Amino acid sequence: MGLVSTAGLVLVNPNSSRVLLLFGKYVGTIKKNGLYWVNPLYSKRKISLRASNFDSERLKVNDKLGNPVMISTILVWRVTDTYKAAFDVDDYKNFVRVQTDASVRKLASMYPYDNFADEGIKEDITLRSSLNEVSEALEKEVQERLAMAGIEVLEARIGYLAYAQEIANAMLKRQQATAIVAARHKIVEGAVSMVEMALDELNEKQIVDLDEERKAAMVSNLVVVLCSDKDASPIVNTGTLNH
């Protein structure tokens, strides 16, 4: 009799639970921590209610533009419905891994890795620069997939993101070229403004009277000096402008 009574004791630790079955029939779940006595014939399955952290493997996927990228996600989740976790899916932990990978693949195909000046359409959201928006979309997608397993997603975010190795060097050069072009555009824009200001000042203060040919030569020289990436070497002309 004592052995039978002992077999009915169930210890439930904090943030843990025990799912109870009687000959394959679901009886209930004990979620409050403590020591309980139940029918010794009940089969008991332990399911943790603690928050779990899942760091996925780095997956090679294609972004919206078809570029291969390496991406991984960090997922924080916990079981909220023990019945669904125990009986609606075969293995809820493996279910989390598989569905998270599927969500990441789908998410990567929805957005480009980055925007480039030579692309025809500029995207508002990219994988690289819109981490908050991408994380929100990922969390929503994963939650929809894991709801059937009684799992709540506490947080989902991109853990790793980079171009795949076979195009990483080419994309780095492309990014550098785009940055150089943007910088040159700003330099030229500023140089033109400074030349215009110089001509206006010379004309207003009547320091020197320049004809159109000499104005063109002055503009050409100023633009070359201002836009050059090297320091100018001054030359002192002691003669006339034509010699």
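Scoring Ala149 on the criteria (1) among the aliphatic types (A, V, I, L, M); (2) modelled with pLDDT of 90 or more; (3) within 11 Å of the chain's Cα centre (by Cα) leaves a single failure, condition (3). Can you confirm whether Val61 is under 30 Å from Ile125 (Cβ atoms) and at pLDDT below 90? Spelling it out, Val61 is indeed under 30 Å from Ile125 (Cβ atoms) and at pLDDT below 90. The set of residues in the range 29-66 that are out of contact with any helix residue (DSSP H, G or I) (no Cβ under 7 Å at 6 or more places or on another chain), touching a residue at least 40 places away in the same chain (Cβ under 8 Å) and hydrophobic (A, V, I, L, M, F, W, C) comprises Ala51, Leu65. Reported count of residues in the range 1-55, each being at pLDDT below 85, closer than 23 Å to Asn94 by Cα and surrounded by 11 or more Cβ atoms within 10 Å (Cβ to Cβ), is 1. When we screen Val89, Val76, Val104 for residues that are among the hydrophobic types (A, V, I, L, M, F, W, C) and closer than 30 Å to Ser43 by Cβ, the only hit is Val89.
The values are calculated or read from the model by the stated rules, or taken from the named source; none is laboratory data. What you are looking at is a predicted structure, and each value in this text was computed from that prediction instead of being measured. Reconstructed Cβ throughout: ideal geometry from the backbone, glycine too, with neighbour counts over all protein chains shown.
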